[in-house]
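Student: Here's a structure for you.
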Amino acid sequence: MPTEPTLLRYMTRFRCIAERCEDTCCTGLRVPVSEPQWARMRAAVAGSAVESERLRQCITPNPGGASTEHAFIQMRPDGHCPLLDSERLCSLQRRHGDAVLPDICATFPRVVTRWGERIEVSGTLACPEVARLCLLEEDAVEPVPTPLEASHVPRPETARHIALDAEDAWARHAETVREALLRLLHRREYPLPSRLAMLGHLAQGLDGRGEVLQHFESPDVLEAVHRDFSGLALPGGPCVGLFSSVLRARMAAGRGERFSTLARSVLESLGLQEGAPGDLDAAWRTYAERWRHLEALHGARVHQYFDNYAAHYVWRSPLIDAPSLLAYVFRLALRVGLLRLTLVGHPRVAELCQEPSPTAGSREQLDRAAVETFQLVAKHVEQAPDFLALAEGLVGPGRGADTLGKVLVFATF
């Protein structure tokens, strides 16, 4: 293993805040247990009949599943892990240490990827502390070569491995293409929607013609994309309908009290009460007016949230997970649109948008709302099978002008 992995700067600052955290790592998630992990867990509690029986009741076998999913921890009806103690900490870890934990519990919230022999460590915004560190510091997403510590890569054997010498050209050129995407995202003289449009146009060209990369980043080309995109005026009601249906679907799936409370408040804030279709065009007008007001009051801060998020997405999510580069960019634009709607509909943000000018404490209030929004969406929506299926269905083959059009629609939102 290399002695010096690359960490995004926010992960060099990460320390679990344990019982002070507003969430628990596992709430609302499925926690798989491999057969060797299940054996280690049973061996750890073998000396206590009470602990052994409790552990047996907590684990649901998964016959015929993948080797990494030999069983699952059976969450309580409220979505919490049954192994949490009264302080919302893992009783198994407290008594027996990290070695007995399933891989996902031992590594969360770290996301470790091996590019050939080089290791990168980012994080998941599903952790509130990671969301805070990623969104609220301007330098959070800078890559930093860092001396290796066990806390950076607790179980290196679980790292996602990308073979850079693979026969697949998509994997072989993934690093080069990712660098081009990051360069465009760092062109902050353009607003993020224009940069998403630039990514879409670049992706469409690269999916068909490799030579596009060396020409696309010229100032004339970027300015033309920005100018054409800025002139678009697209109806927002259909996007509001799509995003509100996503929030309702995740609420119906029982994603935990914090997420359900936020989603319900967002919909009500935009006039889309639960159980009623609502006026989508009116909700769009409310959203657009609030967004303009939010930008006028706190534009630099809000832009930082989304700039950091977009760069974090490109670092954290390997391009080869998508069938095409355009499909990859589409997923980013879709997530940014959903996050913008949820943030603007957040009750605290709705209150801030009633103020004629920033007040003492308003930025702190906005930061809290942003961290809650990005964290809960990351945890309960972004990796959910139904949301991923929705994105796959919307993107279609993911290579043509139709997909580029959808990228532009969500980028304008």
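Student: With no solvent and one equal point scatterer placed on each C-alpha of the stretch 217-375, evaluate the Debye formula and give log10 I(q)/I(0) for q = 0.12 Å⁻¹, two decimals.
Tutor: Scattering profile of the stretch 217-375, log10 relative to I(0): -0.60.
Student: Here is a further query. Carbon and sulfur atoms: what percent of the 1.4 Å accessible area of the chain do they account for?
Tutor: Values: 9780 of 18550 Å².
Summing carbon and sulfur atoms, their accessible area is 53 percent of the total for the chain.
Student: Determine the relative contact order of the stretch 5-113: mean sequence separation of Cα pairs under 8 Å and six or more apart, normalised by residue count, in whole percent. Please report the intermediate quantities before stating the final value.
Tutor: Details: 113 pairs, mean separation 34.9, N = 109.
It rounds to 32 percent for the stretch 5-113.
Student: Quote the accessible area belonging to Glu22 in square angstrom, nearest 10, computed with a 1.4 Å probe and with ligands, DNA and RNA left uncounted.
Tutor: 70 Å²
Student: Okay, next question. Provide, as a two-decimal number, the C-alpha radius of gyration of the stretch 287-400 over 2.2 N^0.38 Å, N being how many residues it has. All intermediate terms of the calculation are to be shown ahead of the outcome.
Tutor: On the way: Rg = 15.6 Å, N = 114, 2.2 N^0.38 = 13.3 Å.
The value comes to 1.18.
Student: Another question, if that's okay. Over the Cα atoms of the chain, Rg to Rh with Kirkwood Rh, two decimal places?
Tutor: Expressed as Rg/Rh, it is 0.97.
Student: Roll a 1.4 Å probe over the protein chains and send me the accessible area per residue for the chain in Å².
Tutor: On the way: 18550 Å² over 413 residues.
Roughly 45 Å² per residue, with all protein chains present.
Student: Against the 2.2 N^0.38 Å scaling, with N counting residues, where does the stretch 223-302 land? I'd like the Cα-based Rg ratio to two decimal places. Spell out each step's value before the answer.
Tutor: Numbers: Rg = 15.2 Å, N = 80, 2.2 N^0.38 = 11.6 Å.
Normalised by 2.2 N^0.38 Å, the Cα Rg of the stretch 223-302 equals 1.31.
Student: Then there's this: Out of Ala296, Ala159, Ala378, any idea which swings most in a Gaussian network model of the chain, alpha carbons joined below 10 Å?
Tutor: Its mean-square fluctuation being the largest, the pick is Ala296.
Student: Which one of Ser34, Ser86, Ser122 has the biggest mean-square fluctuation once the chain is modelled by GNM with Cα springs under 10 Å?
Tutor: Of Ser34, Ser86, Ser122, the Gaussian network model singles out Ser86 as fluctuating most.
Student: What relative contact order, as a whole-number percentage, does the chain give when Cα pairs under 8 Å and 6 or more residues apart are counted?
Tutor: After rounding, I find 20 percent.
Student: Antiparallel versus total DSSP beta bridges in the chain: what percent is that, nearest 5?
Tutor: 75 percent
Student: Now a separate question. Express in nm, to one decimal, how much length is gained between Ala249 and Arg13 on full extension, taking 0.36 nm for each residue of separation and deducting their alpha carbon distance. Before the final figure, lay out the partial values.
Tutor: Numbers: separation 236, 0.36 × 236 = 84.96 nm, distance 3.47 nm.
Result: 81.5 nm gained on full extension.
Student: Compute the Kirkwood hydrodynamic radius of the stretch 1-74, taking the inverse of the mean of 1/r over all pairs of distinct Cα atoms, and give it in Å to one decimal.
Tutor: Numbers: mean 1/r = 0.0655 Å⁻¹.
One over the average 1/r among Cα pairs gives 15.3 Å for the stretch 1-74.
The values are calculated or read from the model by the stated rules, or taken from the named source; none is laboratory data. These figures come from a predicted structure and were not determined experimentally. These area figures cover heavy atoms from the full protein model, side chains too; ligands, DNA and RNA do not enter into them. Shrake-Rupley method; radii C 1.70, N 1.55, O 1.52, S 1.80 Å.
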